[in-house]
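Colleague: I have a structure here, written as structure tokens, and I will follow up with some questions on it.
The values are calculated or read from the model by the stated rules, or taken from the named source; none is laboratory data. Not measured: the values here are computed from a predicted model. FYI the Cβ positions are ideal-geometry reconstructions off the backbone, even for glycines, and counts take in every protein chain you see. Side chains included, ligands, DNA and RNA excluded: accessible areas come from the protein's heavy atoms. Shrake-Rupley method; radii C 1.70, N 1.55, O 1.52, S 1.80 Å.
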Amino acid sequence: MNLVSHAAGLLGKSSVLNLPRVPLRIGMAGVSYISDSVGLAAGEAASLLNALTFDDDYVARQRQIRNSKSIQTLGDGLTEAGKSLADGVESIFDVIKQPVAGAQQDGVGG
């Protein structure tokens, strides 16, 4: 709904000089809306996974890290997204590596 109202506001205030800018502004608003939605979905997924760890200290540390980030530009957002993706991939490999390391150290029951 935000995209529609933003587009209507731009079209209602357009003049002959501003008319060529309308598609660009609508496109920018659309990209902003999509990126906000993707960011919200990723954040909710991360919160769900944090809750599934059942480790309150880990959840508190992750919440503190997430709240301390200051993302101002597209480059900042892409950098943080890349870091989060790399951390997620590393965590997936840890799910495999840690039990194997435990089995090697303490036997199959370890």
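Colleague: For the condition modelled with pLDDT under 80, within 13 Å of the chain's Cα centre (by Cα) and not hydroxyl-bearing (Ser, Thr, Tyr), what is the one hit in Ala81, Ala46?
Modeller: When all the criteria are applied, what remains is Ala46.
Colleague: Would you check which residues across the range 61-110 are among the hydroxyl-bearing types (Ser, Thr, Tyr) and either in contact (Cβ under 8 Å) with a residue 12 or more places away in the chain or part of a loop (DSSP other than H, G, I, E, B) (or both) and list them?
Modeller: Answer for the range 61-110, where residues must be among the hydroxyl-bearing types (Ser, Thr, Tyr) and either in contact (Cβ under 8 Å) with a residue 12 or more places away in the chain or part of a loop (DSSP other than H, G, I, E, B) (or both): Ser70, Thr73, Ser84.
Colleague: Something else about it: Step by step: first the residues of the range 88-110, then only those that are more than 21 Å from Tyr58 (Cα to Cα) and loosely packed, with under 10 Cβ neighbours inside 10 Å, then the one that is nearest to the chain's Cα centre (by Cα). Which residue is that?
Modeller: Among residues in the range 88-110 that are more than 21 Å from Tyr58 (Cα to Cα) and loosely packed, with under 10 Cβ neighbours inside 10 Å, the one nearest to the chain's Cα centre (by Cα) is Val100.
Colleague: Every residue in the range 41-65 that is under 25 Å from Ala29 (Cα atoms) and either open to solvent by less than 100 Å² (accessible area, probe 1.4 Å) or of a type in the set (Ser, Thr, Tyr) (or both), please.
Modeller: The answer is Ala41, Ala42, Gly43, Ala45.
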